[in-house]
Structure formats: structure tokens, C-alpha cells
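Take a look at the structure below.
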């Protein structure tokens, strides 16, 4: 044990202290002592390493799911709903089904999120959730005056077979009686069925998007706008898409616009109850039936809505790819131009040129690097293609949610560039982790759930996708578009420089 | 239980609740002489924007989750397991192997999310077979664990899977495979059970106790041998090692001559937990979530327990004195006094700095339940004034304790909703709000600084030395330069 020097308030501690040393310090400094200064010796769970049973590492060979790369279906529905102005999701289920998603939103976005619960207890399981529904809707309307209530069902309400549509009819009668018939003009209710055993957050977002347009969209005169269904991308991403549209002089309807509901300024005074000032307006959602086209940026998180608008209102739907990287952004911009007749503007060409310039400056760092990618299907697929564009070799590409298009997208990109990655379409992170640890991988692109894998495999991590909660600012950055591509490229290159290059080989 | 007659003064009736007046019975002003108890531990009004969690959260997340060396299987669709995957900062020093010669990056209890990932067909046809397979497979894939803990949820509860029967079968197969008995315990606490996460605490306590008793009966080798016992064996009950609080708690008891056999459940090994009935005294910290098991052990094994608090000077000192007094050892009492004196000496200079800075500041206090009374004295020791207190899931006894420890006239709200929190922040204008992760962002949007009171900002906060960390984080909250920019009227 090292010699302990008495410390006064101003002296910073060098090195960490064992618990014993810490408790023996004659004086605690003014700064206090936190756990990063405490040395806590790890104890192995059992004395010797025992290898796992290799034969059941592939998720197809087992029932158990270890480290799912997906979260529950209602969460996706809530994500879409909180992107609507003065919309309160009302979760027809137990309190945890609301509190956990709120917790998750707050972790990622560092913002308050208002979501209400029907507060299911045993009586609801026995008698059904009718009473909870009616009382809940009434209380919400009375106190919060929302413009939209998004009713989100969960496992429990679907298992007990709550007839939400029937409940809603009753609720309207009750509301009309209490608030007058005009309540029907002031409030919209959208019902989203999301039993978690039927899908993941990705499917939940898709269901919500479909439910919103199905419930609200109405044919009027053509609006000359494009609909954008962003999918579960960051507020920064959404701002970047708006920026591109502005540079192209294209009018748009940004659906589920979390850029001003989950990333809000701290400005006083606030009105109460707290409502973020942003979010997609109901009028806009109604008007989606009259647009030039619908872009579902993430096909798995918008296919349902885009197809519905196409079938019902003949609004053509363009399903992805997510405009991340050069090829995908080019495709987005070109399609926008074709559909709207707006030329690709000089500014956009310059922004693209800057990304290309950055790629030309950095390929010596990226070429030949082997990369493992993990995320929701559309982001993972787009990130895979971007890696190929940087001359990096995708080794193991993972989507936690099974997708109809993910594997195809990844395969198409990799074939074009001559790579053959292992593709995991809807497995669990445990099997992906095994490949990451066994293959020689230089870099991981993935979310905060990859931190442990990254540390254990000693492979640096570039954070991208849902969820990033262990670092700040990522939700404000854009990964999409040319500027987003430049940001992601810088992250990738700087991470490689940090991990792979001695300082004297970087200086020149 | 009947709620005592209490009339809330008009000026304290929050405006936001005018349309749901049933909320007013959840609000009182404290009184040391005649404690005022709000309506509590009753169901939340639907649509009232509660901050409460579910029973599963209390069972798996709070009390079960910290156990360090088990495979914890969540029998549910993947979401429920995901939400508790490395979320709560209930740390442990037990790490699984990441490979030969290499340990994992995060402690075992936080490292993985293991679930049966129930699908539609399981909901229709039942998930028992899947659960059994999942447990046996998890055992092969994550070797070295001490046992398996199975947690049920709304889905597995509603489809009526008999998880206890599955556990017995898994136990049998594992014993055959390993040639030794492996405990497989089930904790049945579907999210929609009863009132709040507090229900889940209760469920875990009772069900752990029952399964522990049975296990010890069937497998006496898991009990502590007579020759291993010492006269000063204690267990700390109801501490979950938030942000390594135990780095301060355990050494204090060791310094006065106790041997801490187990902590229920902070970062603990299952086999140590099974030895709790062999100790001489249980020292109970979280008296909301763990009084149940303390009572059961007292009744079943005649092991007494003492209620303690490990926050602040006076309460931590009392915990040590009460422990020494229980054992009646003069030596221990002397040691306790000596330790208290040394500890106070070690923190006084730093503490004086913070007292100077924090004197007279107003605090809003909103935690689950117990910390609202644990921290009344702590705030007083810092010279601060608690202007309101709120609890998510407190019961009558918690409110009695708050009344006893708070100054008179502190406004209390049981199970506050979002709107009430906003109004209280506006009405009482605290200089700082001690609260959890969801609510802290709301408070900040209203310009009120916060300190995360569940997982802490930069803990540990417990005992004498942790008190300085706590004071520092409160100080940093209040004195952060950012707040002066918020107030600039030109940018309003």
C-alpha cells in the first residue's frame, strides 16, 4: 500500500484509493471523493474461466435471448407521439409501461417527457381497463388540454382484450357531455395497438405512424409539399433533413418532429403545464393526404404509413434508404429533385463537396479497417454502406429487430464493394458480441449498449443510433445528410486516430 | 387503513388539482407533535401523470437486481428486460468472465439482459416450456453463476405460467448436470400488481424469505457452520450499493468490530444472502423496501433488527451507537465513539465550507419514500430548509417518520404528478430540487437546479465521508454559473 500523505482542501489526490485507504484518510478534501478515485477490486463470479457452450451461441439454436438489441413496441409508438405538438401519449397499461419509457427518453434526450398512464392494477386485469381509460382521458383533458391523445396499448391491455375502440366511443360521449360538442374539434384521439410480444420499438413506431395518418389524414387540395416520416433518428438528424429541404426550396411536412419536443431550449418563464413549443401540428398530419410524396426515411419505421397514404390517397411512397453517407444522401436529394422539379442547389453541391473533401483527406486512416455495426435495421444498413464508401470492411452487421429489407440492403452495399459480412437480422447482441470478440475488428459502430463489448474486445466504439445515453450531445448532432456524414466521418477517423495511432505518427 | 381527519389549509390547495380534488387528501403539512399522514399507498388516479413505476420495477429493478452473482431471467417480451439492463446504478464488485484471464467491463448484475422474449405464440400457448429451456441455456452460456432468479411480468402473469413448477424442474436438471444443488428462485411480481414499485419490494422480500427458508431446510450445507460464526456477525438489510455507498458503510461496522456477513441485496452473493439467518443482528437501512424481510427473519429466526439511517452525521453516529448498544460491549461502544470522533474530525473542514455556502437555502425534496425522511436531518445539518417533500410510494410509517424529523409546516405531497411538481417548484421556489432522473429535466426547464437523488450525481453519498460528496453536489447545483445566464431578462 502506498504511503498516504495528509491532504488539505486544495491538494488533488493522485491515483486511486482502496476502500481501506479511503476510510483511513485523516481529512476529506473539500472536493469530496467520488468512486472514480476509489479503487475497487473486481471479484470474479467464479474462480476460473469457464467457456460458454459454443453450440448454442447462435440465437437460432436457443430460446433464451441475451442482450436484446430491441426495446418494447409501445416505446416506438410513444416516440412518434411525442413528436406531435401538444400530444400526450396515454398508455393503457401498468405504471411501469409509462415510467420506463419516460426514463429511457430522459436518459437519451435529457429532456422532460409527458406520458400518462391508465394505471392498471389487478382489478383492470379482472374487469378490463374501461374505467381506467375513461377516467384517464377525462383527467388528461381537464388538466392538460392536449390537442391529441395517442392511446398506446401494451401487453397487458391486449392480453385482457380491452376494446379500446369501443371505450373511445364511450369516452367521446362523456367528453361531449362535460366539455360540449366542440371538444370533438379541439381534441383528436389516435389509437395505436402495440402489444410488445408482437414486435419491437421499430414496429411500434411504424404502427404509430400508420395509426396517425389513418386517423387524421384527409383529402383536400394538393399542397405541393413532401411528407417526411423520419423514423427514430435524432433531433439533430431531423434538423439536417429540414436544412436540406430548405436549400432545395421544398415545402415539407415533417411528421413526428421531435427536433423541438425532445431538444428544447432552457428559457424562462415557462408556461404551465410544460409543453414543448414544437412538434408536428395536427393540421399538417391531416394535410399529408395531399402531398407530392411520402419519404419514409427509415423504411421499417414508416412503411405502413407511406403505403397507406399511397393506397388511400395516391401519394407515392419512397421507402428509404436512410440518407446517411454519400450514396444514400445522393439518392434522397435526387429523388426529391425528381419529384418536386426543384434542381439540386449549389449549396447542396457544396455541402456534398465538403463531405467528399473530408473523405479524400482521410481515407488513409479508414481504408481496410474492419468494422462491426449494430443498431436498428435502417441505421445499421445505412451505416454499413457508408463504411464501405470509406473503404472500410463490414465484418458483422447486426439489427436487433428483424426487418424485411435490412439484410438485402446490407448485402447490396457489401456486394458492390466486395465484402462478405456476417449479417444478424433480428438476433440478440450476445451472438453478435461473440463474432466481434473472435474476429479481428478495428472499430465498432453502435449504440451505448456496445460499450461493454467494446471495452472487453478492446475495440474502439463510435456511438450512433438508438440509444446513446452515456455521452452528451449526440442527440443534437446529425448523422444524416452530407453535413451529418462529415460529422460521422470525423468521429470515425478521430476514434481510429485515438486508438490506433501513436501521437508522433499523427503529428506532421 | 383509515386516513386521519386532516384539513389542508386553502392556500396549500394546488391549483392544478382543482379538477381532481381527490388529490388533496394526498397533501398535508408536517407536525412533530401530532403527525399528519396524507392518503398514501393507494392506487394512482388514471391519467394523473404519476411518476410511479410498477411492481416488477420494485422487485427486479430495486431489490432483486443488485444481487451480484446470479443469472436473472426476465420472463416477458424483451422490453421489460431491456429497461432494467444496466439502468440503476446499483454497483457490485462481482464480475463475470469476459474471456480467459479477463473480466467483464460492468458488474455481473448490470452486464446483461436475459429474457425469454415472449412472442405472440407463447402468449397463446403458454411460455413455460420456453422458460425452462431459456434457464438451462442461460446456464450453459453464462457459466459460473451461483443460481438463477426468475422474474415474472404482466405478460407471464396474465397468461398464467406456473413459473415455480418450472424452477423446480430446472433445479432438478441443474443438480443432475452439476452434481450439486443450484438454487433457482422465482419472484412473482407482475407490473400491474397493487399500488406501485413498493409492492414489488414487498413481493421480493416475502418470496425470497420463503425460498431461503425452504432452501436452508433442504440444504443445510448452505447455512453457516457453528465454528464459522462470530459473536458480532451482522447483516445490513436494505442497502443497494448505489454508486458504491457500501464503500463507506461496511468499513464503519468493521472498524467497531462487527463482521458484515451479508448485505441485502447490494452487490451481494446469493450464498451470503442465504446465511443472513445466522447473524446476530440485522441492521436495517431502507425501512420501506426491506422491513418486511427483517420482520420475517425476526419472527422466524428470532434475530432482532435495528432501524438506522446512514445519511449525515447525527444519523450515522446513531447507527453505530445503536449497534454497539445492542451488543452491550463496552469495547465496541468505546470504539464507536472513537470512530465517530475521527470521522467527524475528518469531514469538519470541508463540511464547514459547505455549511457556509448553503446556509438558509431552500430545498425541495422528492424521492421514493425513505430518503425524504433520511434527508430531513441531513438538510438541517447543512443549515438548509426543506420547503416541500414528496414521495412516490411511501406508506403511513414513512410519513410518520417525516413528520417526526422535519420542521413543522413542511408541505408534503404523496405520489405527486407532473403538474403538481411544476406548481410546487413555482410556488415554493426552492434553490435546489432533490429528485430523480425523469423529473430533474422538468425542474431544469423551469430554471431549478437538481441533484439526482436515486443514483446520485457523483456519489457515494452515505455516511460521514459520503456526506461531503452530497454537500458538494448540492453546492455545485446551486452555484453553477449557468443559472445566472438563465435569469438574464433581455433574453427572456
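Bear in mind these aren't lab numbers, they're just calculated from the coordinates by the rules spelled out. Everything numeric in this text was worked out from a predicted model, so none of it was measured. Methodologically, a virtual Cβ is constructed for each residue, glycine included, from the backbone with ideal geometry; neighbour enumeration extends over all protein chains shown.
Between residue B:33 and residue A:39, the simple label model (points 7 Å from Cα in the Cβ direction) yields a spacing of 5.8 nm.
Going by neighbour counts of Cβ atoms within 10 Å, the residues B:139, B:215 line up, fewest first, as B:215, B:139. Please give the helix B:463-479 orientation as an angle from the longest Cα principal axis of chain B, in degrees from 0 to 90, rounded to the nearest 10. Approximately 50 degrees, to the nearest 10.
Counting only DSSP beta bridges whose two residues both lie in chain B, roughly 15 percent are antiparallel. Neighbour counts of C-beta atoms inside 10 Å place A:300, A:185, A:287 in the sequence A:185, A:287, A:300, starting with the fewest. Working from Cα pairs under 8 Å separated by at least six residues, relative contact order for the range B:55-220 is 31 percent. Bridge orientation summary for the protein assembly as shown: considering DSSP beta bridges with both residues in this region, about 10 percent are antiparallel. Remark: relative contact order (the range B:226-341) = 27 percent; criterion is Cα-Cα distance under 8 angstrom and separation of 6 or more residues.
With the helix formula -39500 (n - 2.57) applied to DSSP H stretches of n ≥ 4, chain A reaches a computed 222 nm mean residue ellipticity of -13500 deg cm²/dmol.
Normalising the average separation of contacting C-alpha pairs (under 8 angstrom, six or more residues apart) by the number of residues puts the relative contact order of the range A:226-345 at 28 percent.
Taking a ≥ b ≥ c as the square roots of the eigenvalues of the Cα gyration tensor, the range B:253-406 is oblate, since a/c reaches 1.5 or more and a/b is not larger than b/c. Oblate is the label for the range B:347-486. Its Cα gyration tensor axes, ordered a ≥ b ≥ c, give a/c of at least 1.5 and b/c at or above a/b. For the range B:342-396 versus the range B:102-125, the spacing of their alpha-carbon centroids is 38 Å. For chain B, what is the calculated [θ] at 222 nm in deg cm²/dmol (nearest 500), taking -39500 (n - 2.57) for each run of four or more DSSP H residues and dividing by its residue count? Here the helix-only value at 222 nm equals -13000 deg cm²/dmol. Seen against the Cα atoms of chain B and their longest principal axis, helix B:396-405 is set at about 40 degrees.
Only beta bridges with both residues in the range A:257-399 are counted; by DSSP, about 0 percent of them are antiparallel. In degrees between 0 and 90, to the nearest 10, how far off the longest principal axis of chain A does helix A:164-179 point, with axes built from Cα atoms? Compared with the principal axis, the helix lies near 70 degrees. Among B:408, A:237, the order by Cβ neighbours within 10 angstrom, fewest to most, reads B:408, A:237. Rounded if a/c is under 1.5, else prolate if a/b is larger than b/c, else oblate: which is the range A:226-345, with a ≥ b ≥ c the root eigenvalues of its Cα gyration tensor? Cα axes put the range A:226-345 in the prolate bin.
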